[in-house]
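The values are calculated or read from the model by the stated rules, or taken from the named source; none is laboratory data. Just so we're clear, the structure is a prediction, and the values are computed from it rather than from any experiment. Quick reminder, even Gly has a Cβ in these numbers, built from the backbone with ideal geometry, and neighbours come from all protein chains shown. In case anyone asks, the SASA skips ligands and DNA or RNA and just uses the protein heavy atoms, side chains included. Shrake-Rupley method; radii C 1.70, N 1.55, O 1.52, S 1.80 Å.
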Amino acid sequence: MTTINLGSKLAIDNKVTITLPKIKDKKFTLVFNDKYAKKLNRAMLELRRIGIEYDEKTSDEALSQLSFKEADKVVNEAFDKARETTTYLADRLLGEKGIGMLMFKTYGEDTSAVAAVLGTLNDLAENAIKTKNKNAKEARLNKYHKLTVNAGVDPRN
């Protein structure tokens with residue numbers, strides 16, 4: 001019988017500490033496990049739902065049936081709801097009440113910037129477990145690329 005050590009093939013590193021852009025002295029330790037995945041998936045679904053709802057409410061067809069004042073109100077309410085939901089989801093995913101609004105204010109009152117951070121968390125969670133061979137291969141390719149670029153040769157061309 002053959003014994004295979006999966007520890008030599010897998011890198012299971014699902015606990016990370018992150019910092020946020022432009023927010024100093026704040027660190028968040030996250031564990032990308034099933035519990036976090038459920039929260040994250042719920043957040044991504046909610047962001048998609050908000051986007052769809054926003055698109056429906058602010059479509060040319062929907063707005064053309066309203067007066068300017070009504071259309072302005074609908075657009076502003078849709079923006080506000082997107083911001084409120086996105087900042088709330090940031091609070092939940094990072095485990096600190098108010099961090100979403102701090103991010104919003106720090107990032108120039110830009111809801112899409114907060115949503116981009118949430119999307120990056122999603123990407124990190126999806127890549128928490130990797131095969132060591134893949135990581136080693138990527139490291140070799142990156143090292144080779146740096147050596148050849150420094151020598152004036154780009155192997156990708």
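Listing for the model above:
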{"item": "Residue in the range 86-94 that is in a helix (DSSP H, G or I), at pLDDT 90 or above, out of contact with any helix residue (DSSP H, G or I) (no Cβ under 8 Å at 6 or more places or on another chain) and open to solvent by 40 Å² or more (accessible area, probe 1.4 Å) present", "result": "no"}
{"item": "Matching residues, the range 95-115, being part of a helix (DSSP H, G or I) and either open to solvent by 60 Å² or more (accessible area, probe 1.4 Å) or touching a strand residue (DSSP E or B) at 6+ places or on another chain (Cβ under 9 Å) (or both)", "result": "99, 101, 102, 103, 105, 106, 112"}
{"item": "The listed residue being of a type in the set (Asp, Glu) and assigned to a strand (DSSP E or B), out of 25, 72", "result": "25"}
{"item": "Inter-residue pairs, beta-carbon under 8 Å, first within 16 Å of residue 128 (Cβ to Cβ) and in the range 1-12, second assigned to a loop (DSSP other than H, G, I, E, B) and open to solvent by less than 100 Å² (accessible area, probe 1.4 Å), 6+ apart", "result": "12/128"}
{"item": "Filter result for residue 138 (within 24 Å of residue 21 (Cα to Cα), at pLDDT below 90, of a type in the set (D, E, K, R) and part of a helix (DSSP H, G or I))", "result": "no"}
{"item": "Top-ranked residue of the range 50-85 - restricted to ones that are open to solvent by 50 Å² or more (accessible area, probe 1.4 Å) and aliphatic (A, V, I, L, M), ranked as nearest to residue 18 (Cα to Cα)", "result": "52"}
